[in-house]
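Below: one structure, written as structure tokens.
The values are calculated or read from the model by the stated rules, or taken from the named source; none is laboratory data. If you're wondering where the values come from, they're calculated on a predicted model, not measured in any experiment. Note: ideal-geometry Cβ built from the backbone for every residue, glycine included; neighbour counts use all protein chains shown.
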């Protein structure tokens, strides 16, 4: 995943695709539009190739046959009833995992939605709606993509050392500290926004180097919490739900609810929330910082800190 993210964000940060695919430049599609169109074209090609490889190489046994066709309703329980009915079996540690997951993703979605837009608008002072500021906005978006590429580099490195961190500190503490680090990064973005807003830019409109470097550092640091968000919640949810005899597949479905519901809330509410405070991305990032910090405290105080190595020696006692 980290390698794919690095290549993908590098594609978005490169501004010379229109030289490689000159047919993408048209009277109605400028250079920035042509670069975006070229990235989408590469995306389509890669998806077609990977889909073909998957379909051609993976052999799956068919789950339907004559017996099931004759008895289509035998011993099949409604999935939604099974999903929501399982809530009554949840123990406190399971609810804690779901609560921290929801708070974590309330923190992540504003950043995922507005990261490059923040760089283009707040740091480079561009606007996609103003023809005079369009180029500055596109420059900021490309710099944001470069920052996300650096983010993915740290994500990959963190994924390598994550098991050792969990063995040493415990998964709950690692998750909580990562959420607090997220909150600090979002607060840093608010500070950078305030400083950039009150600085005098040169006549060229290019932001000061220090502001750009600070923004890239924040983007990069967020790669470590993102790696933890991609792994620890799923492992903790699967182990605790499986201990209740509900199955890991059901655990993933339940955990996805704790991700999707915050996504819907942020997607529907972030725009009106930003407009309530005069526009810009700062209000959404303030909510993200608060949710991440609360999630970190809940993880540190409410999740078990059992270390992987010791829990294995106790025969899985960390699933208490």
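A few comments on the model shown:
Yes/no matrix, rows are residues, columns are (1) closer than 24 Å to residue 110 by Cα; (2) assigned to a helix (DSSP H, G or I); (3) touching a strand residue (DSSP E or B) at 6+ places or on another chain (Cβ under 9 Å):
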| residue | (1), (2), (3) |
| --- | --- |
| 202 | no, no, no |
| 213 | yes, yes, no |
| 220 | yes, yes, no |
| 224 | yes, yes, no |
| 228 | yes, yes, no |
| 238 | no, yes, no |
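- The residues of the stretch 196-217 that are under 29 Å from residue 296 (Cα atoms), surrounded by 14 or more Cβ atoms within 10 Å (Cβ to Cβ) and without any contact (Cβ under 8 Å) to a residue 60 or more places away in the chain, listed by number, are 214, 217.
- Exclusive hit being surrounded by 14 or more Cβ atoms within 10 Å (Cβ to Cβ) and either within 19 Å of residue 289 (Cβ to Cβ) or at pLDDT 85 or above (or both), set 237, 258: 258
- Pick from the stretch 270-286, criterion part of a helix (DSSP H, G or I) and exposed (fewer than 13 other Cβ atoms within 10 Å of the Cβ), ranking: modelled with the highest pLDDT: 272
- Selection count where residues are in a helix (DSSP H, G or I) and more than 20 Å from residue 267 (Cβ to Cβ), scope the stretch 121-140: 12
- Residue in the stretch 173-182 that is out of contact with any strand residue (DSSP E or B) (no Cβ under 9 Å at 6 or more places or on another chain), part of a helix (DSSP H, G or I) and without any contact (Cβ under 8 Å) to a residue 40 or more places away in the chain present: no
- Test: residue in the stretch 140-154 that is out of contact with any helix residue (DSSP H, G or I) (no Cβ under 7 Å at 6 or more places or on another chain) and assigned by TED's automatic domain parsing to the domain that holds residue 257: no
- Helices (runs of 4 or more DSSP H) lying entirely in the stretch 6-111 (those with 1 or more residues that are surrounded by fewer than 17 Cβ atoms within 10 Å (Cβ to Cβ) and at pLDDT below 75): 66-70, 79-85
- As a summary of the residue check, residue 289 satisfies the conditions (1) at pLDDT below 80; (2) surrounded by 16 or more Cβ atoms within 10 Å (Cβ to Cβ) except for the one numbered (1).
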